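Chemist: One structure follows; several queries about it will come next.
Please treat every number below as a calculation from the coordinates, not as lab data. Since the structure is predicted, the reported quantities are computational estimates derived from the model, not experimental observations. Positions of Cβ are generated from backbone atoms using ideal geometry, with glycine treated the same way; all protein chains shown enter the neighbour counts.
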Amino acid sequence: MQPIHMPFWQQQALSLEAEYTPIELTQAVTADICIVGGGYTGLWSAIKLKQSKPDLRIVIVEAKLCGSGASGRNGGCMLTWSTKYPSLARLFGEEEAGRLVTASENAVYEMDAFCKEHKIECELRVDGTYYTASNNAQIGSMDSIVSQLTAKKLNSWTKQPLEKVQRATGSYAHLEGLYSPAAGSVQPGKLVRGLKTTAEKLGITIFENSPMSTLIEGQPATVVTSKGRVNASKVVLATNAWMPSQFREFARSVTLVSSDMLITQPIPALLKTIGLETGCAVVDSRTFVHYYRTTEDGRLMMGKGGNMFAFANKVSPAFDQPSRYQPILQSALNKFFPSIPWHKVDTTWTGPSDRSVSGFPFFGYLRENPNIIYGLGYSGNGVVQTYLGANIIRSLVLEEDDEWSRSGLAQGPRGQFPPEPIRWIGAMTVRNAIRRKEAAEDTNKSPWWFDKQLAKLAASAGKSDK
C-alpha cells in the first residue's frame, strides 16, 4: 500500500504549527449548531453565523485536520462566476445571474479585507486573472460572454494586446487574453488554517480527527463520532466531495473528478526572467483547463482539470497520492514554459472536485428536515464561491428570508447524473472525446464531429477545476 501523500499546501501550512495538537471529540456535547466538515464551507459558515449571532454555540467536527480535503489542496486561484454569466442567466434568470456575478467579484475583495483584519497570513494577492486562448480554436471564446456582461453593465474584462498577454502570463503559448482585476491567488492551506484559528478566537469549538459515523435525524439532531457525539438544534453538512458516499441522496447529484497539480522548487530568478512576478491567476479556455500562478516564495504552481473520475463517487486512496497524470502535467509545463525543466518540479498532488450537473453549487435541507442544512457541488470553483455559499447556509440556518435563502442555488440539486456504471462509462467517454478534440485543436486539425458533440455535454456545465 502506498503511503498517504499530504498535499504541498497543507504541508507548508502545518509546518507553521509545530506545537499544534488537534483536539478530538471524546464526550457528548451540546450545541446550537454542529457543522460537519472543517474546510472552507464549514469554517466560513461558522464564522458568518457567529458574527451574525455571537451567542450561538457552534461546534465543528472534522474527520482529519481542517484543510485535509479539497480546501487544502486546490490550486489557490481566486476566480469568480463572471465567465459563467450565460449559464447563470439560463438557470436562474438575468437578475439573479447579475447579482451572483457581482457578489462573486465583491467576494474577492471582501476575503482580502477579512484576512487583513484578522491577520491571516495566507499569501492572498488580488492581482487579477488572465483568461486566455492556448490554441486557435479557443480564440474568441469569451466574446459572447463579454458582450452579455457589457450589456448588463457587469463587465470587468478587457481584451489585452497579445504582446502584453504573453509578457504578463510569461508564456508565448497564449494567443489571446482578457484580463479582469477581480481575482487573484491565495495559499489555500494557510487560508483554511487561518480561518480555523479565527473561528476559535471567535468562540467556535473545533474537534479534529473526529469523523462523523452517524447522523441521527430529529430535534435535536445528533452527530455521532467514534468517541463522542454532538446534540445540536441544527446541523450543517459541509463535507462536499465526501457527501455522496455519506448520503445516498447525493449519489447522482455530483460526479467526483480530479484536478492534478504540480509545484516547482523555488525558482524566483527564472520566473522573473520569464515575466511571472505577480499573484495573477492564468486560465485557458479549454473544457478541462490548464491553470497556473506563482507563489510568494518564487514557485510556479500549475494544474490540469478533468483527469480521474471516481467510480460510484468513492474518494479512493488515489486522491491522497502523487498525481497519476504526471505525463499530462509534464506536457503542460513544457507547452507553456519550455525553459522550466521537469527536474525543477518539487512535487505533484491530486484534489477531488464535486462537479454538479449544472456546474454550480447547490444548497438545501436534507430529506426536508428544516434543521439539517447542506451545501456542495462547487465544481472546481470553490475558493471564492465557498465564501458566498456560507451566506446561503447562514440564511438557511437562521431562517432568514433574503436574497440568499431565495436564491436558485438554495433549491437543491438541478438534475442528476445517470446511475452507475452508466455514469462512469459516460464520464470516461466524454473525457476521452474532449482529450481527442483538444489534441486535434492544439495541432490546428479539425476534430471529429462525434468528439465535438460529446464535448458540448461537459462544456454546457462550465469549466473544470482551478
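Chemist: When the Debye formula is applied to the Cα atoms of the range 319-367, each taken as the same point scatterer, what base-10 log of I(q)/I(0) results at q = 0.13 Å⁻¹?
Modeler: Once normalised to I(0) and log-transformed, intensities are -0.51.
Chemist: Quick one, can you get me the convex hull of the C-alpha atoms of the chain expressed as volume per residue in Å³?
Modeler: 138 Å³
Chemist: Can you work out D for the range 314-466 in µm² s⁻¹ from Stokes-Einstein, where Rh is the Kirkwood radius over C-alpha pairs, the temperature is 10 °C and the viscosity is 1.306 mPa s?
Modeler: The Stokes-Einstein estimate is 86 µm²/s.
Chemist: Then there's this: If the cut-off is a Cα-Cα distance under 20 Å, which aspartates and glutamates reach LYS335, setting aside same-chain residues fewer than 8 apart in sequence?
Modeler: The qualifying aspartates and glutamates are GLU163, GLU176, ASP260, GLU277, ASP284, ASP346, GLU438, GLU441, ASP442, ASP465.
Chemist: Going by how many other beta carbons lie within 10 Å of each one, how would you line up ASP354, ASP442, fewest first?
Modeler: Ordered from fewest to most neighbouring Cβ atoms within 10 Å, ASP354, ASP442 come out as ASP442, ASP354.
Chemist: Here's something else I'd like to know. Give, as a single signed number, the net charge of other residues whose beta carbon lies under 14 Å from the beta carbon of TYR365, with Lys and Arg counted +1 and Asp and Glu -1.
Modeler: Taking every other residue near TYR365 into account, the sum is -2.
Chemist: Same structure again: I'd like the Kirkwood hydrodynamic radius of the range 1-135, using the inverse of the mean 1/r over distinct C-alpha pairs, in Å.
Modeler: 18.1 Å
Chemist: Need the full-extension length gain, LYS159 to GLN330, defined as separation in residues times 0.36 nm minus the C-alpha distance. One decimal, nm.
Modeler: 58.6 nm is the gain from fully extending LYS159 to GLN330.
Chemist: Related question: Cross-link list LYS201/LYS272; LYS159/LYS272; LYS190/LYS314; LYS227/LYS304: which exceed 29 angstrom alpha carbon to alpha carbon?
Modeler: As for pairs spanning more than 29 Å Cα to Cα, those are LYS201/LYS272; LYS227/LYS304.
Chemist: Moving on. GLU17: net charge of surrounding residues, Cβ under 12 Å, Lys/Arg +1, Asp/Glu -1, itself excluded?
Modeler: Net of charged neighbours comes to +1.
Chemist: Taking Cα atoms, how many degrees apart are the long axis of helix 449-459 and the longest axis of the chain, rounded to 10 and kept between 0 and 90?
Modeler: 40 degrees
Chemist: Then there is this: Calculate I(q)/I(0) for the range 282-331 by the Debye formula, one identical point scatterer on each C-alpha and no solvent, and give its log10 at q = 0.22 Å⁻¹ to two decimals.
Modeler: -0.96
Chemist: Still on this model: Under a straight-distance cross-link criterion of Cα-Cα below 16 Å, which lysines are reachable from LYS152, leaving out those fewer than 8 residues away in the same chain?
Modeler: Reachable lysines: LYS84.
Chemist: Ranked by Cβ crowding within 10 angstrom, fewest neighbours first, how are SER71, SER180 ordered?
Modeler: By the 10 Å Cβ count, ascending: SER180, SER71.
Chemist: Taking every DSSP beta bridge with both residues inside the chain, roughly what % is antiparallel (nearest 5)?
Modeler: 70 percent
Chemist: Let me ask something else. Evaluate the charge dipole of the range 317-378 about its Cα centre and quote only its size in Debye, nearest 20, assuming +1 on the Cβ of each Lys and Arg and -1 on the Cβ of each Asp and Glu.
Modeler: 220 debye
Chemist: Note down the net charge around ALA97, summing +1 for each Lys or Arg and -1 for each Asp or Glu among other residues with Cβ under 9 Å from its Cβ.
Modeler: For residues surrounding ALA97, the net value is +1.
Chemist: Can you give the calculated 222 nm mean residue ellipticity of the chain, where each DSSP H run of n ≥ 4 adds -39,500 (n - 2.57) and the sum is split over every residue, rounded to the nearest 500 deg cm²/dmol?
Modeler: -10000 deg cm²/dmol
Chemist: What's log10 of I(q)/I(0) for the range 161-278 at q = 0.10, 0.15, 0.18, 0.23 Å⁻¹, Debye sum over Cα points only, no solvent?
Modeler: Scattering profile of the range 161-278, log10 relative to I(0): -0.61, -0.95, -1.13, -1.42.
Chemist: Measure nothing fancy, just the Cα-based angle from helix 326-336's long axis to the longest principal axis of the chain, in degrees from 0 to 90, nearest 10.
Modeler: Tilt relative to the chain: about 50 degrees.
Chemist: Would you list TYR40, TYR291, TYR20, TYR85 from fewest to most Cβ contacts within 10 Å?
Modeler: The fewest-first ordering by Cβ neighbours comes to TYR20, TYR85, TYR291, TYR40.
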